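Colleague: Would you mind keeping the following structure in view while I ask a few things?
The values are calculated or read from the model by the stated rules, or taken from the named source; none is laboratory data. Not measured: the values here are computed from a predicted model. Because the Cβ atoms are built from the backbone with ideal geometry, glycine has one as well, and the counts that use them run over all protein chains shown.
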Amino acid sequence: MYDCIIIGGGPAGLSASVYAMRAGLNALLIEGTPIYGGQVLSTYEVDNYLGYPGISGMELGDKFADHADKSGIEKVTAMVNCLTKSGNGWKVETDNGNYEAKAVILATGATHAHLGVPGEEELAGMGVSYCATCDGAFFKNADVCVIGGSDVAVEDAIYLARTCAKVYLIHRRDTLRAANSLVEDLRKCPNVEFLWDSEVKAINGEDGLESVTVVNKKTGEARILPVAGAFVAVGIRPGTELIEDLAELDAGGYAVAGEDCRTNVKGLYVAGDIRKKPLRQIITAVADGANAVTSVQEDIR
């Protein structure tokens, strides 16, 4: 019986691992792959993590993983299949054995929905981004595009319009799903061009993004947009499948928990991108890991 099982080896889970060992907890970290670090590993450059300006995502992820290793955390590589209450604790069933703990910290992150078009995966981190606030600063005075019609897409376009030379907003419908107030703010940006009824069919470039191929759904007209950055904002999927029948989730599937990371279920905590919160960044995920362990300490002792 462990004091705490941490599920997920991204920034939140690795942070929780370090804090759990410093707190003297008998803890276990479970990650589905032997490579730790989470989404940060696929980020070409991270410029907003305090103390490491310009560090590559791979290097930062390696530093996180090394720190966790030095803490002495016990690690298991396994896919978690089921999470259930067991007496006063929890049973974690994996494809590499079953484990029990008094508390569970779920740090399984969230994944950005992809377009699924040629060139997207190859140029991810080399012009293709899923986070404007993370990567927008790299495209100052450049032409970029935002793909999507939600609040996030419009917020991204407004954010980018402040520093980029031009922003194309590409949406597959003729109206945006975003809040009217956001749309009005976007329309006030003189360097934003709307491409309605349009879909990105290809993302082009060799060593970096050079252009996107856009097709108008109504006319069939194809257009090549020369852009340095393409920001995909077509949805985010939180990794809360394990607790969708256990804990309270919001309409988007995010776990409802405050800064203490406690869910509405005793002994279950969430950290990182799966938690409902206004800002999902590496630094807030790391903070969640620390806060979750603090709550575990208070609750089991």
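Colleague: Pick out the one residue from ASP151, ASP197, ASP185 that is farther than 19 Å from HIS112 by Cβ and in contact with a Lys or Arg (Cβ under 8 Å, 6 or more places away or on another chain). Let's see the steps before the verdict.
Modeller: Values: ASP151 fails: farther than 19 Å from HIS112 by Cβ; ASP185 fails: in contact with a Lys or Arg (Cβ under 8 Å, 6 or more places away or on another chain).
On inspection, the qualifying residue turns out to be ASP197.
Colleague: So is LEU242 assigned by TED's automatic domain parsing to the domain that holds VAL46 and either in a helix (DSSP H, G or I) or of a type in the set (S, T, N, Q) (or both) or not?
Modeller: Numbers: assigned by TED's automatic domain parsing to the domain that holds VAL46: yes; either in a helix (DSSP H, G or I) or of a type in the set (S, T, N, Q) (or both): yes.
Spelling it out, LEU242 is indeed assigned by TED's automatic domain parsing to the domain that holds VAL46 and either in a helix (DSSP H, G or I) or of a type in the set (S, T, N, Q) (or both).
Colleague: Which of (1) closer than 19 Å to SER15 by Cβ; (2) within 18 Å of the chain's Cα centre (by Cα); (3) not hydroxyl-bearing (Ser, Thr, Tyr) does GLY252 not meet, given it meets every other one?
Modeller: (1)
Colleague: Quick one: is LYS218 in a loop (DSSP other than H, G, I, E, B), surrounded by fewer than 19 Cβ atoms within 10 Å (Cβ to Cβ) and in the same structural domain as CYS82 (by TED's automatic domain parsing)? Can you show your working first?
Modeller: On the way: in a loop (DSSP other than H, G, I, E, B): yes; surrounded by fewer than 19 Cβ atoms within 10 Å (Cβ to Cβ): yes; in the same structural domain as CYS82 (by TED's automatic domain parsing): no.
When the stated conditions are applied, LYS218 does not pass them.
Colleague: While we're looking at this one, here's another question. Could you check ALA137 against (1) surrounded by fewer than 16 Cβ atoms within 10 Å (Cβ to Cβ); (2) part of a loop (DSSP other than H, G, I, E, B); (3) not assigned by TED's automatic domain parsing to the domain that holds THR240; (4) not β-branched (Val, Ile, Thr) and say which number it fails?
Modeller: So ALA137 meets the others, but not (2).
Colleague: How many of the residues in segment 40-58 are within 19 Å of the chain's Cα centre (by Cα) and assigned to a loop (DSSP other than H, G, I, E, B)? Don't jump to the end; show me each part of the working.
Modeller: Start the filter on segment 40-58 by keeping residues that are within 19 Å of the chain's Cα centre (by Cα), which leaves 40-50, 55-58.
Filter again for assigned to a loop (DSSP other than H, G, I, E, B), leaving 43-45, 47-50, 56.
The total comes to 8.
Colleague: Is it true that some residue in segment 83-105 is in contact (Cβ under 8 Å) with a residue 24 or more places away in the chain, outside any strand (DSSP E or B), of a type outside the set (Asp, Glu) and on the phi > 0 side of the Ramachandran plot?
Modeller: No - not one qualifying residue is present in segment 83-105.
Colleague: Specify which of the listed residues (ARG177, ARG280) is over 17 Å from CYS131 (Cβ atoms), in a loop (DSSP other than H, G, I, E, B) and touching a residue at least 12 places away in the same chain (Cβ under 8 Å). Show your work before the answer.
Modeller: Working: ARG280 fails: over 17 Å from CYS131 (Cβ atoms).
Sole residue among the options that is over 17 Å from CYS131 (Cβ atoms), in a loop (DSSP other than H, G, I, E, B) and touching a residue at least 12 places away in the same chain (Cβ under 8 Å): ARG177.
Colleague: Of the residues that sit in segment 59-82 and are farther than 15 Å from GLY9 by Cβ and touching a residue at least 40 places away in the same chain (Cβ under 8 Å), which one is farthest from the chain's Cα centre (by Cα)?
Modeller: GLY72
Colleague: Determine which member of the set ALA255, ALA285 is within 30 Å of VAL167 (Cα to Cα), surrounded by 19 or more Cβ atoms within 10 Å (Cβ to Cβ) and not aromatic (Phe, Trp, Tyr). It would help to see each step written out before you state the result.
Modeller: Details: ALA255 fails: within 30 Å of VAL167 (Cα to Cα).
Only one candidate passes the filter, namely ALA285.
Colleague: Let me ask something additional. Across segment 90-146, what is the number of residues that are in contact with a His (Cβ under 9 Å, 6 or more places away or on another chain) and of a type in the set (Asp, Glu)?
Modeller: 2
Colleague: Shifting gears a bit: Please verify whether GLY61 is in a loop (DSSP other than H, G, I, E, B) and closer than 30 Å to ASP260 by Cβ, treating the condition exactly as stated.
Modeller: Values: in a loop (DSSP other than H, G, I, E, B): no; closer than 30 Å to ASP260 by Cβ: yes.
Spelling it out, it is not the case that GLY61 is in a loop (DSSP other than H, G, I, E, B) and closer than 30 Å to ASP260 by Cβ.
Colleague: Hey, can you tell me all the residues within segment 203-259 that are farther than 19 Å from ALA153 by Cα, among the basic types (Lys, Arg) and touching a residue at least 40 places away in the same chain (Cβ under 8 Å)?
Modeller: Across segment 203-259, the qualifying residue is only LYS217.
Colleague: Do we have any residue at all in segment 290-298 that's crowded, with 18+ Cβ neighbours inside 10 Å, not aliphatic (A, V, I, L, M) and not in a helix (DSSP H, G or I)?
Modeller: Within segment 290-298, not a single residue is crowded, with 18+ Cβ neighbours inside 10 Å, not aliphatic (A, V, I, L, M) and not in a helix (DSSP H, G or I).
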